[in-house]
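This report concerns only the one structure given below.
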Amino acid sequence: ENKNATNEKVLVAKFVKGFYDKKDLPQFLNTAEELKTLYLERDDKNKFYRVWINEICYLADHYQIYKGLYETNEMQNNALHDKNYYGLAQSYYALGILYGKRGNQSLALQNYKKSLNIFNKYVKNGNTSEIYWQMANLYIDDSPQEAARQTKLAIRFAGHNIYDLCYGYAMACLVSLHLDDEQGFIHYYDLFVNTSKKDKTFPSASYKYYFVSIDRFFKHDYKGALAAADSIEIVEDRA
């Protein structure tokens, strides 16, 4: 049992590192399969589906949309066969992410709402915070007020989960930018910084230049804001 527990910790650490490094797709997918096999052997279906949804998120981040859709279809069929509502809710969440990556806001929102509906009806203590901040991200350009409402729900349903609170506060910072709300930005940025310190695994560094850029923007230091934006690693986000 101790060996199995150690093996799980090693695999999870490798899986999380691979998820954020985004450098070695084949190795990440192999680790995902190892973890899924381990959880199937333990009959821990919720963890099994949790790994699967993160695997699909990784594919979406690499814009492997068709492979992601294939995996989501497999996941949905699997969840229906298992009568596992957690897995089914996650499959609709995955579709929301994939359609969002394709720029289809309408279908993305439809699937996020289906996921929320299943979570709220059938899954006790289901984590819906991430769905709300994903929806906020879709609304942020055209409907920042609605994005703000969804962000508040994301923070509310995060509970004491540091990871989800950090993402909620980070989204609130971005919404504050769209609403030209400097005080709102300062408030949520302080919450983000203080909360992220409680969990060293949270990738707060990836947000550093977003927040520096926004802070300089509010201070009318536009050259400084652009310089910070140039330091953002992901080209799409830098734009």
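The values are calculated or read from the model by the stated rules, or taken from the named source; none is laboratory data. Just so you know, these numbers come straight off a predicted model, no measurement behind them. Note that we place each Cβ from the backbone using ideal geometry, even for glycine, and neighbour counts take in every protein chain shown. Heads up: the accessible areas ignore ligands, DNA and RNA and are worked out on the full protein's heavy atoms, side chains in. Shrake-Rupley method; radii C 1.70, N 1.55, O 1.52, S 1.80 Å.
Yes/no matrix, rows are residues, columns are (1) of a type outside the set (Asp, Glu); (2) over 22 Å from Ile65 (Cα atoms); (3) in a loop (DSSP other than H, G, I, E, B); (4) more than 16 Å from the chain's Cα centre (by Cα):
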site: Leu88; (1), (2), (3), (4): yes, no, no, yes
site: Ala94; (1), (2), (3), (4): yes, no, no, no
site: Ala108; (1), (2), (3), (4): yes, no, no, no
site: Asn111; (1), (2), (3), (4): yes, no, no, no
site: Lys114; (1), (2), (3), (4): yes, no, no, yes
site: Lys124; (1), (2), (3), (4): yes, yes, yes, yes
How many of the residues making up the stretch 102-130 are open to solvent by less than 60 Å² (accessible area, probe 1.4 Å) and within 18 Å of Asp164 (Cβ to Cβ)? 10
Count, please, the residues in the stretch 200-239 that happen to be in contact with a helix residue (DSSP H, G or I) (Cβ under 7 Å, 6 or more places away or on another chain), under 19 Å from Lys23 (Cβ atoms) and among the hydrophobic types (A, V, I, L, M, F, W, C). 1
Residues located in the stretch 131-172, provided they are assigned to a loop (DSSP other than H, G, I, E, B) and either open to solvent by less than 20 Å² (accessible area, probe 1.4 Å) or among the hydrophobic types (A, V, I, L, M, F, W, C) (or both): Ile140
Out of curiosity, is Lys152 among the basic types (Lys, Arg) and within 25 Å of Lys22 (Cβ to Cβ)? no
Taking the stretch 173-205 as the search range and keeping residues that are among the hydroxyl-bearing types (Ser, Thr, Tyr) and open to solvent by 60 Å² or more (accessible area, probe 1.4 Å), which one is farthest from Arg149 (Cα to Cα)? Thr201
Restricting the stretch 207-233 to residues that are in a helix (DSSP H, G or I) and open to solvent by 70 Å² or more (accessible area, probe 1.4 Å), the one modelled with the lowest pLDDT turns out to be Lys208
Restricting the stretch 62-95 to residues that are touching a residue at least 40 places away in the same chain (Cβ under 8 Å) and open to solvent by 20 Å² or more (accessible area, probe 1.4 Å), which is nearest to Thr128 (Cα to Cα)? Tyr86
Sort through Ser196, Ser206 and tell me the only one that's small (Gly, Ala, Ser), closer than 28 Å to Val12 by Cβ and in contact with a Ser or Thr (Cβ under 7 Å, 6 or more places away or on another chain). Ser196
Check the stretch 65-74 and report whether any residue there is touching a Ser or Thr at 6+ places or on another chain (Cβ under 7 Å) and either at pLDDT 95 or above or part of a helix (DSSP H, G or I) (or both). yes
May I ask you to verify whether Tyr99 is open to solvent by 60 Å² or more (accessible area, probe 1.4 Å) and without any contact (Cβ under 8 Å) to a residue 40 or more places away in the chain? no
When the stretch 38-56 is checked residue by residue, the ones that are assigned to a loop (DSSP other than H, G, I, E, B) and of a type in the set (Lys, Arg) are Arg42
Single unsatisfied condition, Lys9 versus (1) of a type outside the set (Gly, Ala, Ser); (2) out of contact with any Phe, Trp or Tyr (no Cβ under 9 Å at 6 or more places or on another chain); (3) within 30 Å of Asp142 (Cβ to Cβ): (3)
